[in-house]
Amino acid sequence: MDSASSSKTSTRSTAKRTLEGIVTIIQTNNDNSDEASYCTICLDTLTSTGSHKPVCLKCGYIFGENCLIRWIKTENDSGSSRCSTCNTKASLKDIRVLYTKNVTVDNTAEITAVERKLIEANHAKHLMEMEAERWKSNAKTLDIEVKRLKRLRYDGHTEPAACQRTFTVCKNQSCRVMAYNTNNRMLVMSHQPDTTTLDSYEIRKMDFVVVLVVGGQMGSVYYIDRKFMKVFNSEQIQKLGCVSLNLLPPSPSRSFMSGGFLKTKMDHLSVLEETLDNDYYTYKETELPLTGLWSSTSYDCQSNLVLTSARPYGPFKTSRHIVSKFADFDEEGPILTQVVTFYAGDKSTQLYRPCLVPSSGGYNDDSLVCCYDEGSGTIKVFNVNKKKNVNDFKVTDNILDLCPLPGITIQGRRIVAGLSKNSVSIFSV
């Protein structure tokens, strides 16, 4: 027999032995099905699909696919090794997938499909979480920007408010009150003349009268223009003096349609409603339903808001700044309804006049109340709509009177004039 015939005979013998081994294993599995239901390497259950499906080598022993591949690669980097059961030489190319009913396996097709869907769902969830975090980050950035802009709106970059400039009015420190005319942007202040010893006051016009209405120490009201002076409520009896008078323009929809004046005495708040009688103006006085130890009143016809301030007294241990609103002409109920009350300090050795700063129509531009607090030496700024204190800023002098200057802004911020005993300061709020 030549060498070729001998080689063919040897190959047939090897194939016959391999086939006999596979048949033996299958028969053994038929006798004991549990032996073919798990991988002999990891001892875990075989599956019908996936990476742990049943495979065999030439020797016929059955393993899970991923376990057998890892076994062969671990044993030898070249990808050849021996069977873990019978020690027969084996390589990666000898691995065969089994499709037979004689091997007991777990049907994991549905599990594999569900696991794949779970992986896809988790990936989609991860993408959505990343998108949500991105929007949260954007919202946080915008929130910080809004707060920064609000600080710029109310705080003036680094300070709650800014004193733009101060003007000296008199040397004898006798300034007391001031008023502003929006038509010609005229600011006027009262003070004693520097060159006289008389106990009298003069009106100083600040560049930017024809008619003045003033209150006297005995409670009288004086109507003054360049030609004559007229006195209302001039009974010469001891009464508490007027602390403020405010123009109440005519309005077809508000109470006191004919207009007149808001008159504030230390113990009394009323409206002098104007009426025309035989070509002469007369005034009918109506008491308003507020009580207190008043220091001033101001009125804004645009918002129909009234600011009335009271000093500490009796049960009220701190200064009060009451914002109220006049009723509509045909509205039933009280003539004046309180909107909000702000409380300041408990020290008030002088009559300080706060002011109501009307909205200028800008974004988030609410009406403000500005008042001087003697105890802390600050000007407090309250927001009427938000009903809270939004700013406090330090001043060096006692501010006797505060007056808004509508129509004038500095860098988009409203302007308030503050009068001390000898000077006027311009503040941006």
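The values are calculated or read from the model by the stated rules, or taken from the named source; none is laboratory data. This structure is a prediction, so every number in the text was calculated from the model and none was measured. Glycine also receives a Cβ, built like all others from the backbone with ideal geometry; neighbour counts cover every protein chain displayed. The area values use the complete protein model at the heavy-atom level, side chains included, leaving out ligands, DNA and RNA. Shrake-Rupley method; radii C 1.70, N 1.55, O 1.52, S 1.80 Å.
A search for C-beta distances below 7 Å between a residue of the stretch 174-202 that is under 24 Å from Thr297 (Cα atoms) and exposed (fewer than 10 other Cβ atoms within 10 Å of the Cβ) and any residue that is at pLDDT below 80 and among the β-branched types (Val, Ile, Thr), counting only pairs 6+ apart in sequence or on different chains, returns nothing. Just to be sure before I move on: is Thr337 of a type in the set (S, T, N, Q), open to solvent by 60 Å² or more (accessible area, probe 1.4 Å) and part of a strand (DSSP E or B) in the structure I sent? In short, yes. What about Lys380, is it assigned to a loop (DSSP other than H, G, I, E, B) and at pLDDT 90 or above? In short, no.
Take the conditions modelled with pLDDT of 70 or more, among the hydrophobic types (A, V, I, L, M, F, W, C) and over 30 Å from Ser423 (Cα atoms) and apply them to Leu262. Does it pass? Spelling it out, it is not the case that Leu262 is modelled with pLDDT of 70 or more, among the hydrophobic types (A, V, I, L, M, F, W, C) and over 30 Å from Ser423 (Cα atoms). So which of Ala132, Ala90 is modelled with pLDDT of 80 or more, touching a Leu at 6+ places or on another chain (Cβ under 6 Å) and open to solvent by less than 50 Å² (accessible area, probe 1.4 Å)? Of the residues listed, the single one that is modelled with pLDDT of 80 or more, touching a Leu at 6+ places or on another chain (Cβ under 6 Å) and open to solvent by less than 50 Å² (accessible area, probe 1.4 Å) is Ala90. Applying the criterion of being closer than 24 Å to Ala310 by Cα and not small (Gly, Ala, Ser) to the residues of the stretch 416-429, the residue that is most open to solvent (accessible area, probe 1.4 Å) is Lys421. Within the stretch 335-347, none of the residues are modelled with pLDDT under 95 and at positive phi. The criterion of being at pLDDT 90 or above and among the polar types (S, T, N, Q) holds for Asn122. Of the residues in the stretch 406-413, none is crowded, with 17+ Cβ neighbours inside 10 Å and at pLDDT 90 or above.
Residue-by-condition table, conditions (1) within 26 Å of Asp401 (Cα to Cα); (2) buried (at least 17 other Cβ atoms within 10 Å of the Cβ); (3) of a type outside the set (Phe, Trp, Tyr):
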residue: Asp267; (1), (2), (3): yes, no, yes
residue: Val271; (1), (2), (3): yes, yes, yes
residue: Leu293; (1), (2), (3): yes, yes, yes
residue: Ser296; (1), (2), (3): yes, yes, yes
residue: Tyr299; (1), (2), (3): yes, yes, no
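Ser324 fulfils the conditions (1) modelled with pLDDT of 90 or more; (2) buried (at least 20 other Cβ atoms within 10 Å of the Cβ); (3) of a type in the set (Gly, Ala, Ser); (4) not in a strand (DSSP E or B) except for a single criterion, (4).
If you take the residues in the stretch 70-83 that are open to solvent by less than 50 Å² (accessible area, probe 1.4 Å) and modelled with pLDDT of 85 or more, which one is nearest to the chain's Cα centre (by Cα)? Residue satisfying both the conditions and the ranking: Ile72. Taken over the stretch 385-405, the criterion of being in contact with a helix residue (DSSP H, G or I) (Cβ under 7 Å, 6 or more places away or on another chain) and either open to solvent by 70 Å² or more (accessible area, probe 1.4 Å) or of a type in the set (S, T, N, Q) (or both) is satisfied by Asn391 alone. Just one of the numbered conditions (1) over 19 Å from Leu187 (Cβ atoms); (2) within 29 Å of the chain's Cα centre (by Cα); (3) not β-branched (Val, Ile, Thr) is not true of Pro404: (1).
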